[in-house]
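First the structure, in the form of structure tokens, and then the observations on it.
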């Protein structure tokens, strides 16, 4: 391997390292902003760099809560009730790694009964294909139209959902709120310094080689 190829390889390796050294901050997506008693259909919902979109054709609904027959937790939430059994996909734009910690979920409408959520996380590996991890959650089906409005349950993901770049919850209509993630995708200071230092050294060496 010649010097130029080595420099490029090392640069890419450090770039990969920087991308995999996220900060330790957390974010909680609350889906606020819609007036109580109303909901708005959207093609994509964006909050703090995260994009949420329905998997099947159609839209997602930003709900202000307080709508008869629908889930209610006293605040806004995201409702996946459009398309062919709905479902939701979310990731950062541009793509970045994050840890999915938990989210609240409820059956989307009175009378639908228990729903099983298949939560799929997408991960990358060095010199290998993208692969997936999966958790399953069956909602309790409480308040199925014979009692009060549906409740939200807090669902906790296992450790396999660390360093995912995308999450899908396909094939089900449901409501979602309070999506909690950690490892907010900001490269660490150390990784950025290492990347900048190596970039400077590599460029200097390449310039010297070019003059010879």
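Residues in segment 35-54 that are within 13 Å of the chain's Cα centre (by Cα) and not in a strand (DSSP E or B): 48, 49.
Within segment 55-74, the set of residues being in a loop (DSSP other than H, G, I, E, B) and either touching a strand residue (DSSP E or B) at 6+ places or on another chain (Cβ under 7 Å) or surrounded by 20 or more Cβ atoms within 10 Å (Cβ to Cβ) (or both) comprises 55, 56, 59, 64, 65, 67, 70, 71, 72, 73.
Each reported figure results from applying straightforward, stated rules to the coordinates on display, with no laboratory input. None of these values were measured; they are calculated from a predicted model. When we count neighbours, we look across all protein chains shown, and the Cβ atoms used for this are built from the backbone with ideal geometry, even at glycine.
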